[in-house]
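A short write-up of the structure that comes next.
The values are calculated or read from the model by the stated rules, or taken from the named source; none is laboratory data. Model, not experiment: these values are computed from the prediction. Neighbour counts are summed over all protein chains in view; Cβ atoms, including those assigned to glycine, are modelled from backbone coordinates with ideal geometry. Side chains are part of the model used for accessible areas, which takes the heavy atoms of the whole protein and leaves out ligands, DNA and RNA. Shrake-Rupley method; radii C 1.70, N 1.55, O 1.52, S 1.80 Å.
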Amino acid sequence: MSRPTIAGVARAAGVSVASVSRVLNGLPATEEMGERVRRAVEELGYVPDSRARSLKVGRTFQLTLAVADVGNPVYVTMMRAVEEVVSAAGYRLVVTTTGPDVVDEVALVRGMARGYADGLVISPLRVDDDLIKSIRECDVPVVVAGNVPSSAGVDTVRANSPKGMLLAVEHLLAKGRRRIAFVNGPVDTVPGGARAKGFADAMKANGLRPVAEVEAVDFTFAAGREAGVELLSGLNGAPLDAIVAANDLLAVGIMHELAARGLVVPDDVAVIGMDDSELAEQVFPPLTSVNLGSAERGRRAAELLLARIEDDSRTPRRIVVQPTLSVRRSTP
């Protein structure tokens, strides 16, 4: 019979893993939550292992979140969600930037051997065999907030970008917009590849071809502005009534370029972004955007990491967070 785990206690008590950790670590919790956790612990006969009792030499009670760009609003949202979960369990969170190169991602994962953190949540922009190998061999538990092959054998939480693209395209079609262009980030990245395929499949499913497709150099505002120049200059008179962008930063850059050319959003051209970051509400007109659940992905990734730290023998989980569409004034 397998030893009861903290995840089992959480299920029995009807609370999150973070809440169980909070009670067991003596951190503030409601009386009701404490009672439910203590009752579940007693019923299951749960006994924390030496790591959970913090008797292991070198335990830091510090966790790391690694993202490509800490300035991207979507990662800020994810960071807040991760921090909320891990702090409730008695951990500090350290946030670091990997940049766009997979070599730097690999170096960061291998650097975890230095012992400055007890676990890692990484959201890689690019993935290759070296990164997967380094994650497998990492000295501390790793959870991937992104998409890696199931053969990697690690806990993952990812967005459903293809479904998100379908929501965007079908929304535009419902508004009578059929002459649609797509501005993506680099297609050799995890989000770029998924969103390219999702857009192509969504257009094909509705019997449409894109007016144009542009690949921006990265997922930033400046890259969106440059991509907007390329897109609008290359139309050669072809009609255009909508643009789907692979993230909100690209979308806002495109909106600036449209305004510079005297085009009004959404009267002349409707624009949809992806991520539904805080930026979507701050730009004018407010941006319609696909919410890919960055907060939920961060929360679930943090919970998986805490569970993995508690019981490293767990079967790896692959969680997919489903998208929703937040409609604002950038689409009629």
Within segment 277-315, the count of residues that are in contact with a strand residue (DSSP E or B) (Cβ under 6 Å, 6 or more places away or on another chain), part of a loop (DSSP other than H, G, I, E, B) and over 19 Å from ASN160 (Cβ atoms) comes to 1
Assess whether PHE182 counts as being open to solvent by less than 30 Å² (accessible area, probe 1.4 Å), in contact with a Pro (Cβ under 7 Å, 6 or more places away or on another chain) and at pLDDT 95 or above.
yes
When restricted to ARG297, ARG308, ARG317, the only residue under 21 Å from the mean Cα position of the chain (by Cα), over 22 Å from SER233 (Cα atoms), open to solvent by 60 Å² or more (accessible area, probe 1.4 Å) and touching a residue at least 40 places away in the same chain (Cβ under 8 Å) is ARG317
For segment 201-221, the count of residues that are farther than 26 Å from GLY71 by Cβ, among the β-branched types (Val, Ile, Thr) and within 22 Å of the chain's Cα centre (by Cα) equals 0
If we keep only residues of segment 47-91 that are at pLDDT 85 or above and over 20 Å from the mean Cα position of the chain (by Cα), then the residue surrounded by the fewest Cβ atoms within 10 Å (Cβ to Cβ) is PHE61
The correct count of residues that are farther than 24 Å from VAL74 by Cβ, of a type in the set (D, E, K, R) and part of a loop (DSSP other than H, G, I, E, B) in segment 116-153 is 3
Over segment 5-46, the set of residues closer than 18 Å to GLU84 by Cα, open to solvent by 70 Å² or more (accessible area, probe 1.4 Å) and part of a helix (DSSP H, G or I) is LEU24
_Quick check on ARG209: is it surrounded by fewer than 20 Cβ atoms within 10 Å (Cβ to Cβ) and without any contact (Cβ under 8 Å) to a residue 24 or more places away in the chain?_
yes
Per the filter on segment 236-267, residues of a type in the set (Asp, Glu) and over 18 Å from PRO210 (Cα atoms) are ASP248, GLU257, ASP267
Subset of segment 316-329, residues within 15 Å of VAL143 (Cα to Cα), in a loop (DSSP other than H, G, I, E, B) and charged (D, E, K, R), comes to ARG317
- Any residue in segment 221-240 that is open to solvent by 10 Å² or more (accessible area, probe 1.4 Å), of a type in the set (A, V, I, L, M, F, W, C) and within 30 Å of VAL142 (Cα to Cα)? no
